[in-house]
1. Checking the structure you have, find out if any residue of the range 116-127 is among the aliphatic types (A, V, I, L, M) and either touching a strand residue (DSSP E or B) at 6+ places or on another chain (Cβ under 7 Å) or not assigned by TED's automatic domain parsing to the domain that holds Ser244 (or both).
2. Select from the range 204-239 the residues that are touching a residue at least 12 places away in the same chain (Cβ under 8 Å) and among the polar types (S, T, N, Q) and write down the one among them that is farthest from Asn158 (Cα to Cα).
3. Please indicate, with yes or no, whether at least one residue in the range 190-209 is under 24 Å from Leu74 (Cβ atoms), surrounded by fewer than 19 Cβ atoms within 10 Å (Cβ to Cβ) and outside the structural domain of Arg52 (by TED's automatic domain parsing).
4. Please find, within the range 168-189, the residue that is surrounded by the most Cβ atoms within 10 Å (Cβ to Cβ) out of those that are out of contact with any helix residue (DSSP H, G or I) (no Cβ under 8 Å at 6 or more places or on another chain) and at pLDDT 95 or above.
5. Which one of Ala209, Ala142 is small (Gly, Ala, Ser) and in contact with a Ser or Thr (Cβ under 7 Å, 6 or more places away or on another chain)?
6. Taking the residues in the range 32-58 that are in contact with an Asp or Glu (Cβ under 9 Å, 6 or more places away or on another chain) and in a loop (DSSP other than H, G, I, E, B) as candidates, determine which candidate is modelled with the lowest pLDDT.
7. Residues that are of a type outside the set (S, T, N, Q) and without any contact (Cβ under 8 Å) to a residue 24 or more places away in the chain, at least 1 per element: which helices (runs of 4 or more DSSP H) completely within the range 96-203 meet that?
Amino acid sequence: MQDMSLPRLLKGMRTGSLLVGLLFSAMSVEAHDAISADARKVYLSRLDELTRTAQGNGPSPARANAWLEMGKILDEIRGLLNEDIISHGKTQGLETSVLVNMLNASANKLQLSPQTRLYLSDPRPYRESLALDPRGKQATLARFLLLKHHFYDSFVDNPLKPINQSKESLLEMIGFGESLLTLRDPAIDSEEVHFILGIHYLQALDSSALPKTKCQARVAEILKKFRSQWPSSLKLATLEALSSP
């Protein structure tokens with residue numbers, strides 16, 4: 001495992017897991033289209049249904065949950081498109097093109113990163129969900145997905161060199177991460193939260209967004225947690241590499 005480069009490791013993490021990233025990189029150009037006609041119809045129908053609920057006059061918890069579900073569906077579509085790009089260099093197939101065009105003609109327009117050439121997550125559904133019901137059952141997952149997608153969308157190869165990340169945004173994400181640490185929710189990946197939070201503290205250290213002593217102490221605590229709970233994790237190896245002098 002030691003011969004795996006940091007950029008390649010992080011690329012695999014960005015797609016959801018290292019294994020998935022490597023598998024899609026090795027797929028042949030003869031693979032099936034990412035999105036079928038049936039899948040396109042289901043996605044668009046479900047998004048229409050959720051949009052009506054989210055923008056309707058129903059109770060705030062129901063509308064907040066609809067926004068959360070919209071964000072999850074859009075991220076599922078984005079993941080399929082990005083896997084296609086990683087595998088083939090571009091999206092392929094008529095149904096994929098139709099879906100992308102229809103989304104781009106709606107309020108759910110997709111955005112490509114000019115740096116990574118991958119589709120970015122849209123934070124709006126998750127933020128709308130939190131605004132409607134900040135303490136509801138859906139709020140924990142909304143914060144986690146905002147934290148996760150902001151992080152993986154924010155850099156190319158080196159997470160310590162984020163693209164256009166403001167101090168305010170960084171501190172917000174650190175706040176989200178800290179709020180998720182003590183929760184026991186099966187939908188929240190605790191290892192992922194600790195990993196992202198550790199890197200955000202390293203970013204805060206580099207940018208002087210927080211006091212040096214606080215950043216160093218929190219990174220040390222997170223590394224200790226990893227060594228205790230996830231000693232063979234690739235994320236631990238990444239954190240150790242990034243935090244080395």
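1. yes
2. Only one residue tops the list, namely Gln229.
3. Yes, there is a match, as at least one residue in the range 190-209 is under 24 Å from Leu74 (Cβ atoms), surrounded by fewer than 19 Cβ atoms within 10 Å (Cβ to Cβ) and outside the structural domain of Arg52 (by TED's automatic domain parsing).
4. Glu172
5. After applying the criteria, what remains is Ala142.
6. The extreme case among them is Asp33.
7. Result: 124-132, 167-180.
Residue by residue, here is whether (1) crowded, with 17+ Cβ neighbours inside 10 Å; (2) of a type outside the set (Ser, Thr, Tyr) holds:
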site: Asp84; (1), (2): yes, yes
site: Thr91; (1), (2): yes, no
site: Ser97; (1), (2): no, no
site: Asn108; (1), (2): yes, yes
site: Ser121; (1), (2): yes, no
site: Ser129; (1), (2): yes, no
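The values are calculated or read from the model by the stated rules, or taken from the named source; none is laboratory data. Given the structure is predicted, the values throughout are model-derived calculations rather than measurements. Using ideal geometry, Cβ is built from the backbone for each residue, glycine included, and neighbour counts are taken over all protein chains shown.
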